[in-house]
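Here is the structure we will look at, set down as structure tokens.
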Amino acid sequence: MNTWLSEDVTRMLIAMVVGAVIGTEREYRSKSAGLRTTILVCMGACLFTLLSIRIGTGSPDRIASNIVTGIGFLGAGVIFKDDNKVTGITTATTIWMVAALGMAIGAGHFTAALVGTLVVLFVLVLLVYMQNVIEQFNQLRNYKIVTEYQQETLERYELLFREYKLRAVRGRQSKKEGQITGNWIVQGAKINHERLVQRLLQDKDILEFDF
């Protein structure tokens, strides 16, 4: 009995350390799921896994499957959609992965947990620099332009996108009280986006511009 208690405490402490290591990176980047959240998720998943093992051998996988379901709801709470932009997916998948690491620790699979932790840190810390390099050449932005309605107004701005070597997909558009609103998902090099933004900011016909 004392051996079990010692093992359980050790696994809980390991889960706390793993959650803290990953949570420190999330906290540094001011993400919604930071240090405390990742520690609690990792320790909670570890504890549930320990309980599923200690309670009995009838169906130990049942609690584990419910952990996955519960983490799914928790992850969904950090995903937000603003017009055509979705944020929080990386944070949600990080929570999901932290729970998996907690389950691995609780089940005693320390090697798998160690490798998983290193992979998570590699993805969150190092690949962000690669992502920044990629965005220099291929960045996706959402543009919203409100202007006085004229014939072929939206087509004029789409020609401007092409002039700056940007690929644009027209999204939702609406017309109200003599004004027309256009939304686009625009893809291209970062420097071309910046040049286009400067051009549009000087356009006196534009009443509202979000980018």
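Grab the stretch 138-210 and count how many Lys pairs have their alpha-carbon atoms under 21 Å apart, sequence gap of 8 or more, or different chains.
Lysine pair count for the stretch 138-210: 8.
For the chain, modelled as a GNM with alpha-carbon contacts under 10 angstrom, which of GLY19, GLY106, GLY178 fluctuates the most?
Checking each option, the largest mean-square fluctuation is seen for GLY178.
With contacts defined as alpha carbon pairs under 8 Å and 6 or more residues apart, what's the relative contact order of the stretch 17-164 in percent?
RCO, the stretch 17-164: 23 percent.
How high is the FRET efficiency from LEU5 to ARG199, r the C-beta distance, R0 45 Å, rounded to 0.05?
With R0 = 45 Å, the Cβ-Cβ based efficiency is 0.10.
Sort LYS190, LYS176, LYS165 by Cβ crowding within 10 Å, fewest neighbours at the top.
By the 10 Å Cβ count, ascending: LYS176, LYS165, LYS190.
Pick out which of ARG170, ARG36, ARG156 has the largest mean-square fluctuation in a Gaussian network model of the chain, springs linking Cα atoms closer than 10 Å.
Checking each option, the largest mean-square fluctuation is seen for ARG156.
If we count other beta carbons within 10 Å of each Cβ, what is the order of TYR149, TYR143, TYR164, TYR129, fewest first?
TYR129, TYR149, TYR164, TYR143
Coordinate-derived values only; no laboratory data. Everything numeric in this text was worked out from a predicted model, so none of it was measured. With ideal geometry, Cβ positions are generated from the backbone for all residues, glycine too; neighbour counts draw on all protein chains shown.
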